[in-house]
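Student: Before anything else, here's the structure in question.
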There are 2 protein chains.
Amino acid sequence: MSKLKIALTKGRTEQQVVPLLEKSGIDCSGLRDKQRRLIFDEDENFEIILVKGQDVLTYLNNGTVQIGIVGSDILEEQGNYQYQMLDLNVGRCRFVLASGKNFDPSASKRKIIATKYPNITRNYFKRIGEDVEIIRIEGSVELAPITGLADAIVDIVETGTTLKENNLQIYAKLQPVNTRVVVNRLGLRQQKKQIYNFINQLQQANEKFSEVVK
Amino acid sequence: MSKLKIALTKGRTEQQVVPLLEKSGIDCSGLRDKQRRLIFDEDENFEIILVKGQDVLTYLNNGTVQIGIVGSDILEEQGNYQYQMLDLNVGRCRFVLASGKNFDPSASKRKIIATKYPNITRNYFKRIGEDVEIIRIEGSVELAPITGLADAIVDIVETGTTLKENNLQIYAKLQPVNTRVVVNRLGLRQQKKQIYNFINQLQQANEKFSEVVK
């Protein structure tokens, strides 16, 4: 029986999800002392690869992995995922519209909005019936309103520290974000039992974790 | 007279270019102890903002800055820059085609190539008359041939350490990369003397630097 392959989002998601994977019985010892490694096959039933959030669906949709663990922000932005199996109680944050204190959200002038998430931003302004210009930014989006590149930003906020440090404030709260488990359609057909076992164990670990958090 | 604004690529380019900017007489003291800051206005004639390489042309083409300092890899990939004024003798590296030892570059099967640079990759294979499938990757592209997502990668190599660590080897050398200074067309018209002075000073600093390197 071939190992199940998981693409796990590198960084904060990884740090929050590894304890859940361990509670599900997966050997994550390599991930605890990984240095520059990105592939982990210590466990006899699973192989984990660490990738950037934006690459999870690339590995999943091409069938290189059967399971992806990634934020709902990326699933919503990219839109092309197959089966979403589980919401995890980690990685909770929220999309917001933010800018400096002089920003007037009700101004009639056509606004320029900088964001790493052009699709989510377009959908939000479409929903509220406003026509805006969107500038896609890859790096520190908080620079955009300060330097005058944009009137405001749509970005993810967890603690709000970055906004505060840059004298930015929240003008609208958009949808919340959390970490999701997605699976590949063909993988689900070929390794159904293995995948459902994994999902069940992860769900139990997640529920226990939630009780502790309460 | 308003300050000239420079968008400087954060990270390795920044570290290599700051000594040149200092030799050109610009106060970069803030950049030497920057912590989380991204905007530096210590100098009386210049303001420097640190941005991701992919965002330099966004700030430049929207007129938020008059000058951008960025790798030729990004200029070639994005293609939409205005005036390129100077080649700096820093940030030298090269695009390569790389894969594991079993890769056969002359195989007739249609190859899958993973890269952060789909335009550069498409142009390369067009030039050599080969039709390939390109998968765009945002993160660690060296994972793609190891996991089976792709047959090979097109990526930038400086020291070759990452390739070696992943048992990848070079199958073709593509174009070299170095750091460039680009300017905004309207900025050049409005602040011509300031910009030419800056370029001349930077060029002299760069030549001195090159002599030291020799």
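Student: Give the residue, chosen from B:70, B:65, that is among the aliphatic types (A, V, I, L, M), in a loop (DSSP other than H, G, I, E, B) and within 13 Å of chain A (Cβ to nearest Cβ). Spell out how you get there, then give the answer.
Tutor: Working: B:70 fails: in a loop (DSSP other than H, G, I, E, B).
Answer to the check: B:65.
Student: Out of the residues in the range A:91-112 meeting the condition of being aliphatic (A, V, I, L, M) and touching a residue at least 12 places away in the same chain (Cβ under 8 Å), tell me which one is nearest to the other protein chains (Cβ to nearest Cβ). So that I can check it myself, show each step before the final result.
Tutor: As a first pass, look at the range A:91-112 and keep what is aliphatic (A, V, I, L, M): A:96-98, A:107, A:112.
Filter again for touching a residue at least 12 places away in the same chain (Cβ under 8 Å), leaving A:96-98, A:112.
On the way: A:96: 20, A:97: 20, A:98: 16, A:112: 9 Å.
Step by step, filter the range A:91-112, then rank; the result is A:112.
Student: Got a sec? Which strands (runs of 3 or more DSSP E) wholly within the range A:113-214 have at least 1 residues that are in contact (Cβ under 8 Å) with a residue 40 or more places away in the chain and surrounded by 15 or more Cβ atoms within 10 Å (Cβ to Cβ)? Even if it seems obvious, please write down each step before you answer.
Tutor: Numbers: elements: A:133-136, A:152-157, A:169-183.
The strands (runs of 3 or more DSSP E) meeting that bar are A:152-157, A:169-183.
Student: Scan the range A:37-54 for residues that are assigned to a strand (DSSP E or B) and over 19 Å from residue B:116 (Cβ atoms) and report the count. Break it down into steps so the answer makes sense when it comes.
Tutor: So the first thing to find is which residues in the range A:37-54 are assigned to a strand (DSSP E or B), and the list is A:39-40, A:46-51.
Adding the requirement that they be over 19 Å from residue B:116 (Cβ atoms) leaves A:39-40, A:46-48.
Count: 5.
Student: Within the range A:73-106, take every residue that is part of a loop (DSSP other than H, G, I, E, B) and aromatic (Phe, Trp, Tyr) and give me the one that is farthest from the chain's Cα centre (by Cα). Before you say what the answer is, go through the steps one by one.
Tutor: Restricting attention to the range A:73-106, the residues satisfying the condition of being part of a loop (DSSP other than H, G, I, E, B) are A:79-82, A:100-106.
Those left that are additionally aromatic (Phe, Trp, Tyr): A:81, A:103.
Working: A:81: 13, A:103: 28 Å.
Here the answer is A:103.
Student: Sticking with this structure for a sec: Residue by residue through the range A:1-45, note down the ones that are of a type outside the set (Val, Ile, Thr), open to solvent by 20 Å² or more (accessible area, probe 1.4 Å), more than 10 Å from chain B (Cβ to nearest Cβ) and touching a strand residue (DSSP E or B) at 6+ places or on another chain (Cβ under 6 Å).
Tutor: Correct list: A:3, A:16, A:41.
The values are calculated or read from the model by the stated rules, or taken from the named source; none is laboratory data. Source: prediction; values computed, not measured. Don't worry about glycine lacking a Cβ; one is built from the backbone with ideal geometry, like all the others, and counts go over all protein chains shown. Heads up: the accessible areas ignore ligands, DNA and RNA and are worked out on the full protein's heavy atoms, side chains in. Shrake-Rupley method; radii C 1.70, N 1.55, O 1.52, S 1.80 Å.
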